[in-house]
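Just below is one structure, and these are the notes that go with it.
The values are calculated or read from the model by the stated rules, or taken from the named source; none is laboratory data. This is a predicted model, so every value here is computed, not measured. Glycine gets a Cβ as well: all are built from the backbone with ideal geometry, and neighbour counts include every protein chain shown. Areas reflect the complete protein model, heavy atoms only, side chains present, ligands, DNA and RNA absent. Shrake-Rupley method; radii C 1.70, N 1.55, O 1.52, S 1.80 Å.
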Amino acid sequence: MIKQILYKAGILAGIILILSLVMKFTLPFYWGDSTQTVKFEHYKKNSEQYNAVYMGGSLEYRHIDPSIIDSTLQKNGIDFRSYNIAVDGHTFVEQMTDLDEMLKIRNPNLKYVFISISSEPYFFPANLHTSKWVCWHNATSTYRALSIIPTLEDDLKTRLKFCYFYVMSWVENILKIGFMPEVMQFIFQKDTYETGYLGNKKDGFYPYDYEEHRMFMEYQWEDTLIRQSKREYESNAVKRDSLTSEVRKSFEQYTDKDEANAAMVKLCMEAYNKCKKMGIRVFFVLPPRARTNYSLLLPVFHAMPDDAKIEVADPRKYPKYYAVDYGYNFHHLNYRGAKLQSHEMARQLLPLLQPAETSAP
Amino acid sequence: MLFNSLHFFLFFPVFCYLYFAVPRRFQHMVLAAGGYYFYGSFSPYFTIILLTITCNDFIAGKMMDATDKISQKKRWLFLSMAVNLGILFTFKYIDFVDNNIRDLLGLLHIGWFVPEPWFNTWVVPVGVSFLTFQSLSYTIDVYKGVTKAEQRFSYFAAFTAFWPVMVNGPIERARNLLPQLHKEHSFDYSNLQQGLFRMGWGLFKKVVIADRLAFYVNDMYAHYNEVSGWTTWLGAFFFLLQVYCDFSGYSDLALGGAKVLGIDVMENFRRPFFSKNLADFWTRWHISLSTWLTDYVFFYLGAYKAKSAKVVFNVIFVLAICGLWHGANWPMVISFTMVGCAMAIRYLWQNNVVRAIRPSNTYKLFDKYFPDWAHSVVTILIFLFCFLLFRVYSAQMALNAAHPENPVSWTAIAAPLYGNLFKLHTANYLTEWLLHKGTIQLGILVFFIVVLFVVEALTGDRKIEQVVLAKNRNFRWSIYIVLLACIVWFGVFNNTTFVYFQY
């Protein structure tokens, strides 16, 4: 009897699974995220206009202004036309999925890719069961997360919890559990998605200062989380100072002997080599104001090839990135800060790119 | 452990396996143990309350059975009621009473000797109203001689800890449940089919319709100042439908779960949206509570056998008690009292006017041109009007939690809501409200509401699982697949609290 019950339950589950898989293979990986849909669709249509792409999460989406970097490098005779494809909420793992998918888009001009070293694969549990979060997870991203999380130094419970979250999100993505409305919205209303996500210059950069005055992401009648976070940041000097001193301490205590997380390094180097094979040069960026402890990020960053590193996080070198005038909230810069960071990135890129550019026939 | 949680989906098959695997004579013990695990999953401390109720009522029942003296029986009944109602009062009503005394004495400028309401932080045990009422019905029935006292503690423990119904009803009676617990239940494939289908249908109502309606209801109450006229009426309809789908969905899950175990539990809803009048509505909505109140309060007060004025009082009083059972707050009490008033008016109308004009041609014409569906519409409209207040207290709590710097009273929410209800030439905020989740969500919601009403109209008063299982295999499997796909794909799984859990 038990066999018969399991057999019938299996048939039912199998039918649902097959139907879900059919749906999965007809949808792009960003079906549940309107921001990513707009940014990726824009890149698909205009890919050949760009030869450089910034991957990452909000620290890149809100901080890296392609127009500043492009103009600085172009003034120095370097052909540099960049696009910011980063999306809020992406951790180290999700940006690798983005990279895989971005590389599938035909772009013979693509020469440079920027990967952010700004987070471990932890995320806000509030993101769970949202279409935006779920759509980012496939078998590869889940495998990547599961290969990193056990190697982190947090307690076993936290690591187990996040492993479970990643597996659940993947299952939810396969079966589209509760997400048919979002799938339908993607199919029927994709063209009506707000293109403001692309930013004022349609280059994928959109600082929080702009969004604050044009709230298309939130209900207009509600006070937004963005504004709340700004208010809290401005009023809570104690937390501000303690975060900055923590970052400073990580930088001060870092030594060459610090061991890098092998799983994270491996993942970065896989991306590096994959791009290299395609003739694409990878730069690893260490951004300011990351939520993750820099004592984890710094060894990983320093394990990367020397000509592929851009560091803009050290509060001793860049105190303004941690100053209240240049911050939007605890973990993000405002537009002034973003401009500073973009200029600094361009400054660091210049010597890295010039020899290659000038040696070209 | 909620019925729509992953925890339950793991618990249920394991429990069923154990239940049917153990020797039949131990099945009731597995049920009791499962019930304690189920209830303890909310908080281990809750099991102490469950155990207290169980021990108290078991002893009271046995002692009443052991004596023929009415006075002694009364004493034990009083003890049982004191403990049950004491637990209910302590956890659910003490804060409400304290606040009211405080407010009243404040008006009279008199100090209240209770310094700090330390009890207002106590967590109300999940489903405590259901637990106490179910257990109380046993001792009352034993006192009245309707039910024999249970002689074995393990069976009584299985009765009070019968997990399918323990936290959200139906409030099952001992005379129905206890004899079934004494029977040995072997696995029955037909029971499994019926039970699982019923659970699937309940889950569909809960996660596909009720939780989707919650988007709109929450938003309507959050903008109580802006909505008016038809927007408010539609919002009230959505709320009534949400409560129905949520609660009847949970009842379906309970009935289905019990059916798999081979136990039949009483129906809790019978298509209330098809009722022809208020009294009829009350016999179709939360049947286990309405019959409980009828049996143990309304009949005790004299029911319809008293004079008109007394009957009117009885009806209103019972509905007020019903409101208090639902929530320790004034909007809830007033909401149900309004229903009681409407029922009392109907009683007076029937008793005085209709009886007088029934033989006349006017009445016959009225009866002819006022069909059943029109009766249903009027009934539902009256309920909408009263139930608008039902949700005001939780709206107040939500608003005050979101904006503690600017607290509002429940009257400040209720007044504009009712004031704007009558501006029938307006429908302020309608478009923004209906479309705030997008046209697709709205379209899906409307589609599934239509599906619900069509299914209810087609099945009539028969049980849905029996209607489906009577069809041929292809039809059945098509229904299974469609139902499962709807739950999996269209369910809302990030809103996991059942509305009735607060009771």
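Observations
- Within the stretch B:362-376, considering residues that are out of contact with any helix residue (DSSP H, G or I) (no Cβ under 9 Å at 6 or more places or on another chain) and not aromatic (F, W, Y), the one most open to solvent (accessible area, probe 1.4 Å): B:K368
- Which listed residue is small (G, A, S), under 27 Å from A:P319 (Cα atoms), at pLDDT below 95 and part of a helix (DSSP H, G or I), from A:S169, A:S229: A:S229
- Subset of the stretch B:254-274 (residues that are open to solvent by 10 Å² or more (accessible area, probe 1.4 Å) and part of a helix (DSSP H, G or I)): B:L255, B:K259, B:F273, B:F274
- Exclusive hit being part of a helix (DSSP H, G or I), open to solvent by 70 Å² or more (accessible area, probe 1.4 Å) and within 11 Å of another protein chain (Cβ to nearest Cβ), set B:V488, B:V482: B:V482
- The one condition in (1) in a loop (DSSP other than H, G, I, E, B); (2) more than 14 Å from chain B (Cβ to nearest Cβ); (3) open to solvent by less than 20 Å² (accessible area, probe 1.4 Å); (4) not β-branched (V, I, T) that A:Y122 fails to fulfil: (3)
- Qualifying residue in the stretch A:324-345 (condition: over 30 Å from A:E232 (Cα atoms), in contact (Cβ under 8 Å) with a residue 12 or more places away in the chain and assigned to a helix (DSSP H, G or I)): no
- Residues in the stretch B:419-435 that are of a type in the set (V, I, T) and away from every other protein chain (no Cβ under 14 Å): B:T426 only.
- Neighbours by Cβ (under 8 Å, 6+ apart or cross-chain): first from the stretch B:436-454, within 9 Å of another protein chain (Cβ to nearest Cβ) and farther than 15 Å from B:Q242 by Cβ; second among the acidic types (D, E) and in a helix (DSSP H, G or I): B:H436/B:D219
- Residues of the stretch B:412-435 classified as of a type in the set (V, I, T) and open to solvent by less than 70 Å² (accessible area, probe 1.4 Å), total: 2
- Some residue of the stretch A:70-86 being within 28 Å of A:A262 (Cβ to Cβ), surrounded by 18 or more Cβ atoms within 10 Å (Cβ to Cβ) and aliphatic (A, V, I, L, M): yes
- Taking the stretch A:5-34 as the range and being assigned to a helix (DSSP H, G or I) and in contact with a Lys or Arg (Cβ under 7 Å, 6 or more places away or on another chain) as the test, the residues that pass are A:S20, A:M23.
- Selected residue (only one of B:P416, B:P404 is closer than 16 Å to B:H223 by Cβ and either out of contact with any helix residue (DSSP H, G or I) (no Cβ under 8 Å at 6 or more places or on another chain) or within 14 Å of another protein chain (Cβ to nearest Cβ) (or both)): B:P416
- Any chance A:K8 is within 14 Å of chain B (Cβ to nearest Cβ), among the charged types (D, E, K, R), out of contact with any helix residue (DSSP H, G or I) (no Cβ under 8 Å at 6 or more places or on another chain) and without any contact (Cβ under 8 Å) to a residue 40 or more places away in the chain: yes
- Extreme residue, farthest from B:F490 (Cα to Cα), among residues of the stretch A:125-152 that are aromatic (F, W, Y) and assigned to a helix (DSSP H, G or I): A:Y143
- Leading residue by the ranking (nearest to the other protein chains (Cβ to nearest Cβ)) among those in the stretch B:458-477 that are open to solvent by 60 Å² or more (accessible area, probe 1.4 Å) and assigned to a helix (DSSP H, G or I): B:R473
- Every pair of residues 6+ apart whose Cβ atoms lie under 6 Å, when the first sits in the stretch A:130-148 and is within 14 Å of another protein chain (Cβ to nearest Cβ) while the second is of a type in the set (F, W, Y): A:S131/A:F179
- Among the residues listed as B:A427, B:A398, B:A402, B:A412, the single one being modelled with pLDDT under 95 and under 24 Å from the mean Cα position of the chain (by Cα): B:A398
- If you go through the stretch B:422-447 and pick out every residue that is β-branched (V, I, T) and over 23 Å from B:I209 (Cβ atoms), you end up with 1.
- Among the residues of the stretch A:188-204, those that are more than 11 Å from chain B (Cβ to nearest Cβ), part of a helix (DSSP H, G or I) and either free of Cβ contacts under 8 Å to residues at least 40 places away in the same chain or among the small types (G, A, S) (or both) comprise A:D191, A:G196.
- Among (1) of a type outside the set (A, V, I, L, M, F, W, C); (2) more than 8 Å from every other protein chain (Cβ to nearest Cβ); (3) open to solvent by 50 Å² or more (accessible area, probe 1.4 Å) - the single one A:Q185 does not satisfy: (2)
- Within the stretch B:299-332, being open to solvent by less than 20 Å² (accessible area, probe 1.4 Å), assigned to a helix (DSSP H, G or I) and either modelled with pLDDT of 95 or more or in contact with a Phe, Trp or Tyr (Cβ under 9 Å, 6 or more places away or on another chain) (or both) holds for B:V311, B:N314, B:V315, B:V318, B:L319, B:C322, B:G323, B:W325, B:H326, B:P331, B:M332.
- Restricting attention to the stretch B:275-298 and to residues that are β-branched (V, I, T) and either within 15 Å of the chain's Cα centre (by Cα) or modelled with pLDDT of 95 or more (or both), the residue that is surrounded by the fewest Cβ atoms within 10 Å (Cβ to Cβ) turns out to be B:T283.
- Selection status of B:Y37, closer than 21 Å to B:S135 by Cα and in contact (Cβ under 8 Å) with a residue 24 or more places away in the chain: yes
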